[in-house]
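In what follows, a structure is listed as structure tokens, so that the remarks can point back to it.
The values are calculated or read from the model by the stated rules, or taken from the named source; none is laboratory data. Everything numeric here is computed off the predicted structure, so don't read it as measured data. Every residue, glycine as well, gets a Cβ built from its backbone with ideal geometry; the counts of neighbours run over all protein chains shown. We work out accessible area using only protein heavy atoms, side chains counted, and drop any ligands, DNA or RNA first. Shrake-Rupley method; radii C 1.70, N 1.55, O 1.52, S 1.80 Å.
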Amino acid sequence: MQLLGTCSELLVVLLQHHGIQTQENEGIVTIPDGPPYQFALQVYRTGEKSVELQALCQVAPGRVIREYLAGVGETQEEAVMDSQTNFIACVFHVWVSALLGKPNQYADDFTWQIHGKERRATVGFASGRGYIELTGEPEWQEAWHAAVRQQPLTEDLHWASLCYVQRDGVTLACDASIDNEPCVPVIEQMLKFNWPSRKEMYSVRQFMIIQP
């Protein structure tokens with residue numbers, strides 16, 4: 001993929017909107033009076049009218065949250081804007097609530113029991129394309145959340161994401177990861193889920209952060 005550049009200035013604007021002052025240096029965004037996280041948004045060209053936005057957050061040395069948001073449009077500029085919209089909808093508000101202590105209406109906080117210990121889970125709103133009615137349905141979200149809770153998570157901070165894509169009743173992708181790595185048990189559980197069959201392509205995705 002071809003790197004088109006960064007759009008980390010979007011993060012600066014969004015964080016300032018939440019009252020968080022930032023510094024931006026060569027595409028890296030930091031918070032002088034806040035946690036020592038480093039944020040960045042990088043945009044890659046994936047096609048004539050499609051891009052991939054990589055949302056990065058270093059939460060500790062050697063530990064980087066990586067989320068991939070697709071963007072499509074009639075022009076490359078529209079595709080970039082679409083990927084930015086997906087980032088805001090899926091990831092940004094989870095970062096703000098879980099990492100920066102700014103709860104908001106676009107991310108939900110839960111207290112989960114994971115291996116007998118209480119954990120705080122901050123879950124972003126589900127997003128989707130195509131069969132939009134499925135986006136807000138709780139069944140697939142509950143199945144995914146239950147599968148994540150069954151994993152042997154340590155007491156450190158963790159993050160998880162799910163992206164499911166189907167067309168003509170055939171699963172095209174079922175990507176479930178924890179800490180950037182594919183999580184086979186979760187993938188297997190979500191492939192067993194009774195996803196609605198549609199002739200057209202549709203997709204759903206959701207992102208969460210789990211911490212003590």
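A few points about this structure:
- Cβ pairs under 7 Å, 6+ apart, first in the range 18-47 and basic (Lys, Arg), second in a loop (DSSP other than H, G, I, E, B): Arg45/Met1
- Every residue from the range 153-190 that is in a helix (DSSP H, G or I) and surrounded by 12 or more Cβ atoms within 10 Å (Cβ to Cβ): Pro185, Val186, Ile187, Glu188, Gln189, Met190
- Among the numbered conditions (1) over 24 Å from Ala173 (Cβ atoms); (2) surrounded by fewer than 16 Cβ atoms within 10 Å (Cβ to Cβ); (3) out of contact with any helix residue (DSSP H, G or I) (no Cβ under 7 Å at 6 or more places or on another chain); (4) modelled with pLDDT under 95, the only one that Ile31 does not meet is (2).
- Unique residue being touching a helix residue (DSSP H, G or I) at 6+ places or on another chain (Cβ under 6 Å) and open to solvent by 20 Å² or more (accessible area, probe 1.4 Å) when the list is Phe193, Phe207: Phe193
- Residue count, the range 191-212 (criterion: of a type in the set (Gly, Ala, Ser) and either closer than 25 Å to Gln113 by Cβ or assigned to a strand (DSSP E or B) (or both)): 1
- Test: Arg149 is open to solvent by 30 Å² or more (accessible area, probe 1.4 Å), closer than 23 Å to Met190 by Cβ and basic (Lys, Arg): yes
- Selection status of Ala79, more than 24 Å from Ala98 (Cα to Cα) and touching a residue at least 24 places away in the same chain (Cβ under 8 Å): yes
- Odd one out for Met201 among (1) farther than 23 Å from Leu99 by Cα; (2) open to solvent by 80 Å² or more (accessible area, probe 1.4 Å); (3) without any contact (Cβ under 8 Å) to a residue 60 or more places away in the chain: (3)
- Among residues of the range 5-17 that are farther than 9 Å from Gly27 by Cβ, those with a beta-carbon under 8 Å from a residue that is open to solvent by 40 Å² or more (accessible area, probe 1.4 Å) and of a type in the set (A, V, I, L, M) at least six positions away or on a different chain give the pairs Leu14/Ile88.
- The condition of being modelled with pLDDT of 95 or more, small (Gly, Ala, Ser) and more than 22 Å from Arg129 (Cβ to Cβ) holds for only one of Ala55, Ala60, Ala98, that being Ala98.
- Strands (runs of 3 or more DSSP E) enclosed by the range 36-129 - at least 1 residues per element that are over 19 Å from Val148 (Cα atoms) and open to solvent by 70 Å² or more (accessible area, probe 1.4 Å): 38-47, 63-72, 127-129
- Test: residue in the range 158-169 that is over 25 Å from Ser83 (Cβ atoms), at pLDDT 90 or above and of a type in the set (A, V, I, L, M, F, W, C): no
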